[in-house]
Amino acid sequence: MRILLTNVNRGEQRHLYFPLGLAYVAAPLRKDGHGLAFLDVQALSLDDIPAAISKHTFDVVCISALITDFKFVQWFSRLVKERFPGVKVVLGGGLSTVSELLLKKSDVDVTVCQEGEETVVELMRAFADNSPLSAVKGIFYKDAAGEIKSTGRRAPIEDLDSIDFPAYDVFSVDRYLRTEKLGFSHPVKSLSVITTRGCPYSCVFCDKGVWGGNYRARSPENILKEVEHLKKRYGVEAVVFSDDLFVLDKKRVHALCDLMIENKTGIAWSCNGRVNLMDEPLLKKMKAAGCMTIAYGLESGSQRMLDVMKKRITVEQSRRAIALTRKHGIDIQPYLVLNMIGEDEESIGETVGFCKEMGLPVGKFGLFTPLPNTELYAMADRAVGMPPLDKQIEQWRDWNDGLTVNLSRLPDDRLLELKSRAESEIRDYYVRHHKRLILRRFMLRYRQMGLRVALGVFQTWVGKYMKYQKRKSA
């Protein structure tokens, strides 16, 4: 089969992100003998996409998309069908968690749910042989009568070391090395690496539809092999371990760090942490192995809000993790969100006070948007009444900039006013009272990665602050 792999266009983006999910399914597809091509639609304007896709010849187009990409997938799948009526359109990724709605409202033929490496191979064989799709586990599809069918869940892949490394060479890796950032802002040649799948925690806002709650992890030896491949083949200077729970198995993290130290990889890296799991020996080892940044899902400075989220952390644990992380010379990237059920002026004030106290460089607060198949969605439906799913999905593209559903105790305009005020207040306080932290971040980067990276960090920060001041004065 001739397969065209595509990502999605999200409008103007500061960075292009390597299509890691597509690269993972590309590896087994190529091994199975299929011809692969890639169309990077995130690097194109919408007007240029029709001409670009017409340059390819293919039997199947595979799209990887998030739940916020519904409108683009709707448009793109219609474009494919208009120009190539006999081509099959297959979708995977987070958007597959609303498969029934997507198949009903778009020209997508099949959605691949959960992990895709085994499913796509069986699916393409079924297409090639014209055999029933009902035998392929882990998909939703439209039958000949247009009825939507599900084949049930596929068992998760238990041995992650058995999965081939992503087929990086199918894609123009150099394009992403120039734009993907370590620690989410630092100018080095970096790519993302996934080392675990699944999460055993039960935060009310999280959708586990793709990887589930069964935690599985790659071995340290397997991870090191991929990191060294990226360094040797593509000149990667740093990697972003993008796992939700990189630090859950501390023994595994210690072992990986030992390997990176022993093999003198010289690779800097960042990861997501969890404040209740961090301790001094772990942070000391991570620092020695090249860890530059840890992103923490702090979410809120209000214990009441954390308890509603079922986050299973305390504000005091956040304080301790932040202090320990800084003690060992590791930078912090905080994730903070407003608009949880029961959010009010008091809880927002607690979060603002916490951010000031801890010197957190908060850029923007997120706003909770309930996703289908999550506990928060059911809670929100009981609390405020959720509109029909097909009405909500139209708004999801702008979920991070606008208010889709107000879960708080505040009127819409007051919530947005407090969000904007909190961002300004925290930013101003950080500049006035935490100059030592700003200088420390610069010196850390200078010692770890040299003057080029340190200056890049400083320039990025100054640029962001100047834009903020310009918006504020306007």
*In the list Ser106, Ser134, which residue meets the criterion of being on the phi < 0 side of the Ramachandran plot and crowded, with 20+ Cβ neighbours inside 10 Å?*
Ser106
_Out of everything in region 248-260 that is of a type outside the set (Lys, Arg) and touching a helix residue (DSSP H, G or I) at 6+ places or on another chain (Cβ under 6 Å), what residue ends up being farthest from Leu224 (Cα to Cα)?_
His254
*Among the residues of region 133-143, is there at least one that is at pLDDT below 95 and either closer than 16 Å to Lys88 by Cβ or in a loop (DSSP other than H, G, I, E, B) (or both)?*
yes
*Which residues, counting only those in region 165-207, are charged (D, E, K, R), at pLDDT 90 or above and closer than 14 Å to Leu230 by Cα?*
Asp169
*Sort out for me the helices (runs of 4 or more DSSP H) sitting completely within region 1-104 that have 1 or more residues that are touching a residue at least 60 places away in the same chain (Cβ under 8 Å).*
20-31, 70-83
*asked:* Testing Ile3 on (1) at pLDDT below 95; (2) farther than 24 Å from Leu177 by Cβ, one condition comes back false. Which one is that?
replied: (1)
*asked:* I need every pair where a residue in region 368-384 that is over 22 Å from Ile348 (Cα atoms) has its Cβ under 6 Å from the Cβ of a residue that is among the aliphatic types (A, V, I, L, M) and buried (at least 16 other Cβ atoms within 10 Å of the Cβ), sequence separation at least 6 or different chains.
replied: Pro372/Val98; Glu375/Val204
*Which of the residues that make up region 100-133 are touching a Ser or Thr at 6+ places or on another chain (Cβ under 6 Å) and either over 20 Å from Leu389 (Cβ atoms) or not aliphatic (A, V, I, L, M) (or both)?*
Ser106, Asp107, Thr111, Val112, Cys113
*asked:* Of everything in region 105-121, what is in a helix (DSSP H, G or I) and either polar (S, T, N, Q) or farther than 25 Å from Pro156 by Cβ (or both)? Give them in sequence order.
replied: Lys105, Thr119
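The values are calculated or read from the model by the stated rules, or taken from the named source; none is laboratory data. Keep in mind it's a predicted model, so treat the numbers as computed, not measured. Every residue, glycine as well, gets a Cβ built from its backbone with ideal geometry; the counts of neighbours run over all protein chains shown.
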